[in-house]
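Quick note: the coordinates plus some simple rules give every number you see, no bench work behind them. Keep in mind the model is a prediction, meaning the values are calculated, not measured. Every residue, glycine among them, receives a Cβ derived from its backbone with ideal geometry; neighbour counts consider all protein chains shown.
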Amino acid sequence: MYGNMPSRSSTPSRGFRTPTTLGSPSKYTDYFHQPRRRTHVTRILAISLAIVFCYIIATRGPQSSQWVPTTIQDKVNFGDHAERPVSEKAPPRGYGDTESGRWTEPTEEQDESISDDGKEMEHTVDRVEGDEEAEYEKLKDSQTDNKDPDMKEGSDYVSASGSDEEPAVEPSHHTQSTPFVAHNIGSGEKYSFREALRDVLHMVPDEIYTRDLLGPLEGGGQERLKELGVRARAFHRFFTVWEALHVVADTKLTYVRDDVINYLENAPVKELAEVSDMERGDIIRAYERYRAFLAKLSSILFPYTSPYFADHLTLHAHFRNGGRGIVLSGNDKQAPFILTSIMSFRKLGCKLPVEIMYLGENDLNDDWRMKLESIPGVVTRDLSQMVSDEGWELKGWASKAFALLMSSFREVIYLDADTLFFVNPADLFDDPGYVETGALFFRDRVYAPSSRKQWLKDILPKPISKKAQTSRYWTGESREQQESGCLVVDKWRHFVAILTVTRMNGPDRDDNAKTGAKGVYSLFYGDKETFWLGWELAGDTDYWFNEGAAGNMGVVSEHVYYKLIEGKAEIIKDYQPPVSLPTHEQETAPESKSAEVGEPKKESSLAKRDDQVHELYTISSPQLLHLDLNSRPLWFNGWILDDKYEENKHVNVSTWDVYLSEVKETHEAAEWRIGGHNMATLKSNKAYEFTQKERDVLQMIVETARENGALKPGQ
């Protein structure tokens with residue numbers, strides 16, 4: 001059958017196949033023994049390998065090249081990377097485009113240092129805050145305290161056994177004072193661009209949620225405040241994630257990037273697949289839907305910062321590296337107070353820059369502005385140009401919150417025009433409460449006890465924080481919680497809380513005559529309570545009230561003795577207190593002959609006093625004094641005249657012999673009586689004398705006021 005077939009050693013004829021028998025080479029092996037076909041296959045394999053190799057090189061980038069920033073934006077964003085190989089976390093090439101930098105071949109010296117580990121280059125942005133790494137770790141540790149069942153005073157939320165009526169609720173992410181995502185650009189943590197993008201795409205709100213949040217704010221009173229709180233907390237959550245994607249910050253410069261769409265359009269498919277399983281077009285549409293939603297929510301809640309700032313990202317970023325400073329606001333009548341305040345704390349050693357906010361040309365005239373700006377480090381700024389008050393009017397107390405927000409400083413000490421210090425006000429930045437929370441407030445006097453627990457429940461979204469549940473409003477200790485004559489705030493950490501406060505002092509401030517809806521100022525007196533309540537509404541519980549007592553200072557008008565009988569003070573008439581021996585006489589007085597060794601010394605009868613008898617001092621004064629933890633004077637407001645509202649030259653400068661603390665040694669309730677023109681009378685058994693240094697400061701303040709014309713001749 002096979003007799004006519006050529007042998008294996010010879011070349012087979014065309015059209016014939018070599019038969020295969022058991023144990024003989026296969027037809028495929030025989031195929032490759034033919035030189036021409038073997039050459040053909042080799043060429044095909046070589047071409048295929050070359051194509052695969054080129055594809056790998058094209059998708060992975062030049063692993064042994066070096067990226068050199070050429071544009072200003074690249075240098076700002078990524079710093080000096082000229083000496084860093086690409087394989088060592090080089091910066092991205094414009095997030096998908098290759099025009100933002102150029103690639104250069106490494107020198108011979110660099111070849112040895114370049115890594116060939118083949119890791120894919122990450123498109124990441126380093127969001128570094130310099131010296132705040134430790135602070136961020138501290139904030140993360142403080143968040144874990146919320147789960148501690150044995151919370152101490154100052155913790156954020158109540159423990160499981162905390163309140164008798166408000167059971168503890170594990171706080172949701174967006175009610176925390178720090179952003180709900182762990183990657184906060186203000187915390188010092190390095191944030192991956194793709195991780196931020198993934199968070200944004202994950203949080204795109206659905207139609208129902210969007211409709212609820214973008215509806216108009218209606219109604220008034222407690223109901224409107226609660227709705228404001230709900231939306232402010234939602235805004236905080238969405239804004240934080242959006243900001244993490246767009247704001248680039250280091251210790252020198254902060255700016256908002258707006259090239260995300262360019263990245264999404266040009267990024268490799270593989271990179272987008274790591275972010276989302278959606279198609280490129282769906283990712284872009286989701287990003288734009290998030291952007292439109294946040295822009296609308298911003299315009300509903302806080303529209304008044306535009307057009308001075310394009311958006312809230314720009315506003316927030318502009319004071320990121322603003323440093324520390326002091327802010328005051330006032331008009332022509334208050335300018336003498338402001339001038340005295342600045343010159344006095346300059347003499348106390350405070351060198352912080354100062355911004356003075358005013359409301360238009362008719363509020364603070366040219367002469368006063370020139371006089372104030374003659375002090376080194378002082379500038380005046382027209383707040384009316386920065387705030388759009390369409391539909392309402394920016395005026396009076398309300399300007400304080402806006403002056404705080406719109407100032408260029410990041411960390412601000414806001415002072416009322418008539419606030420004066422015994423110490424350098426810059427020392428407040430070192431207060432432990434401020435260092436921990438970034439917001440230091442001061443308590444008002446304890447006056448008119450009344451419980452507003454139910455009122456707080458009506459306005460605060462749940463969970464209600466422990467700080468709110470230990471406030472004077474909740475416990476009923478006083479109807480006054482905060483004194484706003486001095487505020488110390490890190491605006492970067494508390495941006496949304498400050499925005500909420502401005503809303504309360506802006507569009508929601510006054511009653512609506514058409515609808516009858518109550519405004520914020522109808523719910524409590526002025527701007528004072530809007531600060532701590534604004535923090536609570538925004539879900540920001542990182543604030544601290546100074547624990548020093550309030551008091552007043554002046555001349556004792558009455559000094560009596562009393563006993564507590566069944567909890568009531570009974571004045572003892574014609575009481576003659578025992579005369580105590582001088583200290584040196586007590587030390588040299590002879591001991592009783594009956595005293596034996598080891599027996600305690602008996603107190604001299606001349607020095608003994610009835611422990612149940614207490615002194616009671618009365619001082620009437622227009623100045624409200626704030627004390628430190630050692631009961632020493634810290635600052636006061638109310639100016640230095642007996643009546644700052646009277647322009648009569650016969651109004652005298654106040655006399656200050658001693659000062660009182662409202663906290664009594666008997667733990668009785670504080671006794672205040674409020675009169676007209678800020679005149680307040682305090683009765684207390686804790687009276688203190690000023691030290692010589694404190695007297696010198698008071699004298700310096702009075703002399704400074706005379707020098708700059710704040711006091712009229714004869715005063």
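With a Förster radius of 60 Å, plug the Cβ-Cβ distance of ILE47 and THR314 into 1/(1 + (r/R0)^6) and report the FRET value to the nearest 0.05.
0.65
Where in segment 444-523 are there trypsin sites (Lys or Arg not before Pro) that are in a DSSP coil and have at most 11 other Cβ atoms within 10 angstrom of their Cβ?
When the trypsin sites (Lys or Arg not before Pro) of segment 444-523 are filtered for loop state and at most 11 Cβ neighbours within 10 Å, LYS514 remain.
Give me the percent relative contact order of segment 325-546, please, defined on Cα pairs under 8 angstrom at least 6 residues apart.
22 percent
Counting Lys and Arg as +1 and Asp and Glu as -1, what is the net charge of the other residues whose Cβ lies under 15 Å from the Cβ of PRO216? It would help to have the intermediate numbers written out before the result.
Values: positive: ARG211, ARG224, ARG231, LYS296, ARG503, LYS514; negative: ASP212, GLU218, GLU223, GLU227, ASP508.
Local net charge: +1.
Restricting things to alpha carbons, tell me how big segment 417-541 is in terms of Rg and Dmax, in Å.
Rg and Dmax of segment 417-541, Cα atoms, are 15.2, 49 Å.
Contour minus end-to-end for ARG632 and ASP258, with contour as 0.36 nm per residue of separation and end-to-end as the Cα-Cα distance?
Extra length available between ARG632 and ASP258 comes to 129.4 nm.
I want the antiparallel fraction of DSSP beta bridges within segment 325-546, as a percent rounded to 5. Mind showing how you got there, number by number?
Details: 9 of 24 bridges.
Once the DSSP bridges in segment 325-546 are tallied, antiparallel ones form about 40 percent.
At 25 °C and 0.890 mPa s, grab the translational diffusion coefficient of segment 645-715 from Stokes-Einstein with a Kirkwood Rh over Cα pairs, rounded to a whole number in µm² per second. Each step should come with its number before you reach the end.
Working: Rh = 14.7 Å.
Estimated diffusion coefficient is 167 µm²/s.
Exactly which GluC sites (Glu not before Pro) in segment 302-407 are in a DSSP loop and have at most 12 other Cβ atoms within 10 Å?
Qualifying residues, ordered by number: GLU361, GLU390, GLU393.
Scan segment 506-567 for chymotrypsin sites (Phe, Trp or Tyr not before Pro) in coil per DSSP, keeping those whose Cβ has at most 12 other Cβ atoms within 10 Å, and list them by number.
TYR525
Would you grab the residues whose amide H sits under 5 Å from the one on PHE409? Only those 5+ places off in sequence or on another chain, please, with H modelled 1.01 Å from N.
Hits under the 5 Å cutoff: none.
Averaging sequence separations of C-alpha pairs under 8 Å and six or more residues apart, then dividing by the length of segment 406-479, give the relative contact order as a whole percent.
Answer for segment 406-479 is 28 percent.
Treating the beta-carbon of each Lys and Arg as +1 and of each Asp and Glu as -1, no other charges, what is the dipole magnitude of segment 411-488 about its Cα centre, to the nearest 20 debye?
With Lys and Arg at +1 and Asp and Glu at -1, about 760 debye.
For a test of the definition: using alpha carbon positions, the gyration tensor, and the 1.5 limit on a/c, classify segment 319-433 as rounded, prolate or oblate.
In terms of gyration-tensor shape, oblate.
Scan around GLN482 for amide H atoms under 5 Å from its own, H built in the peptide plane at 1.01 Å from N, and keep only partners 5 or more places away or cross-chain.
ASP444
How many nm separate the modelled label positions at LEU564 and ASP206, each set 7 Å beyond the Cα in the direction of the Cβ?
Inter-label distance under the simple model: 5.9 nm.
When the chain is fully extended, how far beyond the present Cα-Cα distance does GLU265 get from GLU647, taking 0.36 nm per residue of separation?
That works out to 130.7 nm of additional length.
Output wanted: per-residue J couplings in Hz (rounded whole) for segment 45-51, from phi through Karplus 6.51 cos²θ - 1.76 cosθ + 1.60, θ = phi - 60°, x for Gly and Pro.
Going residue by residue, I get 5, 5, 5, 5, 4, 5, 5 Hz, with x marking Gly and Pro.
In which sequence would HIS316, HIS40 go, from the one with the fewest C-beta neighbours within 10 Å to the one with the most?
By the 10 Å Cβ count, ascending, the order reads HIS40, HIS316.
Pulled fully out, how much extra length does the chain show between PHE429 and VAL613, if you take 0.36 nm times their separation in residues and subtract their Cα-Cα distance?
62.1 nm
Would you work out if segment 325-546 is rounded, prolate or oblate? Take a ≥ b ≥ c from the square roots of the eigenvalues of the alpha-carbon gyration tensor; rounded if a/c is under 1.5, else prolate when a/b is larger than b/c, oblate otherwise. If you can, show how the numbers build up before the last one.
On the way: a/c = 1.95, a/b = 1.35, b/c = 1.45.
Oblate, because a/c is 1.5 or more while a/b does not exceed b/c.
Given the peptides 328-335, 291-298, arrange them by the average over their residues of other C-beta atoms within 10 Å, most packed first.
So the order, starting with the most tightly packed, is 328-335, 291-298.
Calculate, for ILE674 and GLN576, the FRET efficiency according to 1/(1 + (r/R0)^6) with r their C-beta to C-beta distance and R0 25 Å; round to the nearest 0.05.
About 0.15, to the nearest 0.05.
So how far, in whole Å, is the C-alpha centre of segment 257-328 from the one of segment 628-688?
A separation of 50 Å, based on Cα centres.
Quick check on the exposure proxy: order THR419, THR666 from fewest to most C-beta atoms within 10 angstrom.
Arranged by neighbour count, lowest to highest, THR419, THR666 become THR666, THR419.
Exposure proxy check: PHE319, PHE636 ranked by fewest other beta carbons within 10 Å?
PHE319, PHE636
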